[in-house]
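Data first, discussion second: the structure below is written as structure tokens.
The values are calculated or read from the model by the stated rules, or taken from the named source; none is laboratory data. Computed from a predicted model, the values in this text were never measured in an experiment. Here the Cβ is made from the backbone with ideal geometry for all residues, glycine too, and neighbour counts use every protein chain on show.
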Amino acid sequence: MKIVKIAVHQVDLPLKEGRYTWADGKFVEVLDSTLVAVTTDDGRTGWGEVCPLGPFYLPAYGPGARAGIGELGPQLIGLDPRDLGRVNAVMDQALLGHPYVKSSLDMACWDLLGQAAGLPLVTLLGGRDGAAVDLYRAIGQEAPEAMAAKVAGYRAEGYSKFQLKVGGAVEEDIARIRACRSVLDAGELLMADANTGWQQHEAQRVVRAVRDLDVYIEQPCPSYEACLAIRRNCDHPFILDEVIDGLPALLRAQRDLAMDAINLKISKVGGLTKARQIRDLCASLGIAMNLEDSWGGDVTTAAIAHLAHSTPVNFRLAATDFNSYVTVSTAAGAPQRKQGRMAASQAPGLGVTPRPAGSDWAAALRDRLAQITGLPLPIGCLRPGLSLLLACVHTIYCLKNLSGFLYFAQRLCCRAAVL
Ligand SMILES: [Mg+2]
């Protein structure tokens, strides 16, 4: 199996809530995501996605991802995508740093490995642990009462874990944490994520003021040293995120006992290959994890589900269903949240069939019908006209439950569409 072609697609992902705001007044309204399709000489295509949270969250930005893939792509032509160590070595040799660029290519190669093996990634990454994965809901920075109302709303949808965006003015952040904790029960998890937004003295004031509350403190300050100082001066469970960008940072922090948990973002560390290394080491060292990415749509969410679902349950705090935050669906087969949880696909590879244009309304209709009825449809191989016909046949079949003629007609349409 050899890589013969790499294609890149840009996709805009508007946020359902309109805007997502975090520390220092930073916000995004439409995410700039990149889907990459890696095709092999046996006709398979593997998919990956990278979606920075704007150009000012991590050292990453949308056009940079596409430029980097353009730089790296030619180096991968001719390689066997199943040789993930080799693929990563070639990428690291060809381009220093830029882990987010490499992440989407690595993800697509994992998808191909799973397809070739006939196994879902969750199996290849260690095996499914439990029926589903708990999700956290990120609550963008607003007034304390508005954030508490959103926590209550998402709680009613089944979430039991919440990540508040703080990192603003000290008194207001204290009010945010208090308001949101007050609408939660004892067993429900609250994480106050400052996203590096506090100076050390500010973080010190906040953690002292909420000492009586059950709340995790996440990445209070920009530097590792300032975070470590806060960690040593508070007794809240402590999460590091932005400063844990790879194995060396993790090893240093573990040696210093600088955290109880990390946020493991796939693209922050360079892809699933490196995320798995860090994930396994954290599990061996007893460090819990939120398993996620910087952002993304259906493909990223599928990758998160596989990584999280194969992480020992004792070490996973939560994962994130990023595809539920955005208005555009870019793939069929992606995990869908049920009562604050999601599960990895049983299908080989990532288990998704992307539609990078995001504008095929007939395909979207098919997806919705398949979701409602629970019956699989051969999405992705159909032309738009035939797909509409198939959707109609499928609907009649499901409503009437006629097992003979209509099912035959549906299969006939499928065949015709593939031809
Ligand atoms: Mg964070």
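Could you list, in sequence order, the residues of segment 188-203 that are of a type outside the set (G, A, S), surrounded by 19 or more Cβ atoms within 10 Å (Cβ to Cβ) and in contact with a Cys (Cβ under 8 Å, 6 or more places away or on another chain)?
Hits for segment 188-203 are L190, T196, W198.
Does segment 20-62 hold any residues that are within 17 Å of the chain's Cα centre (by Cα) and of a type in the set (A, V, I, L, M, F, W, C), and which are they?
Scanning segment 20-62 gives V28, V30, L31, L35, V36, W47, V50, C51, L53, L58, A60.
Restricting the search to segment 156-175, which residues are within 15 Å of the ligand (Cβ to nearest atom) and over 21 Å from A261 (Cα atoms)? Walk me through it before giving the result.
From segment 156-175, those within 15 Å of the ligand (Cβ to nearest atom) are 161-168, 173; that's our starting set.
Hits for segment 156-175 are G168, D173.
Would you mind stating whether A203 is away from the ligand (no atom under 16 Å from the Cβ), at pLDDT 95 or above, in a helix (DSSP H, G or I) and aliphatic (A, V, I, L, M)? Show your work before the answer.
Working: away from the ligand (no atom under 16 Å from the Cβ): no; at pLDDT 95 or above: yes; in a helix (DSSP H, G or I): yes; aliphatic (A, V, I, L, M): yes.
Against the criterion (away from the ligand (no atom under 16 Å from the Cβ), at pLDDT 95 or above, in a helix (DSSP H, G or I) and aliphatic (A, V, I, L, M)), A203 does not qualify.
Quick one: in segment 258-300, of everything that is closer than 26 Å to Q10 by Cα, in a helix (DSSP H, G or I) and not β-branched (V, I, T), which residue is nearest to the ligand (Cβ to nearest atom)?
Taking the candidates together, the pick is K268.
If I filter segment 148-169 for residues that are β-branched (V, I, T) and in a helix (DSSP H, G or I), do I get at least one hit? Give the derivation first.
Taking segment 148-169 and keeping what is β-branched (V, I, T), we get 151, 166.
If we keep only those that are in a helix (DSSP H, G or I) as well, we get 151.
Yes: one or more hits.
Among the residues of segment 104-114, are any buried (at least 24 other Cβ atoms within 10 Å of the Cβ) and over 23 Å from P52 (Cα atoms)?
Yes; the residues of segment 104-114 include at least one that is buried (at least 24 other Cβ atoms within 10 Å of the Cβ) and over 23 Å from P52 (Cα atoms).
Please state which one of G153, G187 is modelled with pLDDT under 95 and more than 14 Å from the ligand (Cβ to nearest atom). Outline the logic, then answer.
Details: G153 fails: modelled with pLDDT under 95.
On inspection, the qualifying residue turns out to be G187.
Looking only at residues in segment 211-257 that are in a loop (DSSP other than H, G, I, E, B) and in contact with a Cys (Cβ under 7 Å, 6 or more places away or on another chain), which one is nearest to the ligand (Cβ to nearest atom)?
Within segment 211-257, the first condition is being in a loop (DSSP other than H, G, I, E, B), and the residues that meet it are 211-215, 219-223, 233-237, 241-246, 256-257.
Still in the list and also in contact with a Cys (Cβ under 7 Å, 6 or more places away or on another chain): 219-221, 243.
Values: Q219: 5, P220: 11, C221: 13, V243: 10 Å.
For segment 211-257, the residue satisfying everything is Q219.
Among the residues of segment 130-141, are any among the hydroxyl-bearing types (S, T, Y) and either within 15 Å of the ligand (Cβ to nearest atom) or closer than 24 Å to A308 by Cβ (or both)?
Of the residues in segment 130-141, the ones among the hydroxyl-bearing types (S, T, Y) are 136.
Filter again for either within 15 Å of the ligand (Cβ to nearest atom) or closer than 24 Å to A308 by Cβ (or both), leaving 136.
There is at least one residue in segment 130-141 that is among the hydroxyl-bearing types (S, T, Y) and either within 15 Å of the ligand (Cβ to nearest atom) or closer than 24 Å to A308 by Cβ (or both).
What single numbered condition from (1) of a type in the set (D, E, K, R); (2) farther than 21 Å from D241 by Cα; (3) not in a loop (DSSP other than H, G, I, E, B) fails to hold for D185?
Exception for D185: condition (3).
Residue check: is T34 touching a Cys at 6+ places or on another chain (Cβ under 8 Å) and buried (at least 16 other Cβ atoms within 10 Å of the Cβ)?
Details: touching a Cys at 6+ places or on another chain (Cβ under 8 Å): yes; buried (at least 16 other Cβ atoms within 10 Å of the Cβ): yes.
Yes.
Are there any pairs with C-beta distances below 8 angstrom linking a residue in segment 273-284 that is crowded, with 16+ Cβ neighbours inside 10 Å to a residue that is aromatic (F, W, Y) and assigned to a helix (DSSP H, G or I), with the two at least 6 apart or on different chains, and if so which?
Matching pairs, first to second residue: T273/W110; C282/F315; A283/F315.
Which number in (1) without any contact (Cβ under 8 Å) to a residue 24 or more places away in the chain; (2) under 19 Å from T300 (Cβ atoms) marks the one condition that V90 misses?
Single failed check for V90: (2).
Condition test on A146, is it closer than 23 Å to S294 by Cβ, at pLDDT 95 or above and not assigned by TED's automatic domain parsing to the domain that holds E49? Write out each step before concluding.
Numbers: closer than 23 Å to S294 by Cβ: no; at pLDDT 95 or above: yes; not assigned by TED's automatic domain parsing to the domain that holds E49: yes.
So A146 does not fit the description; no.
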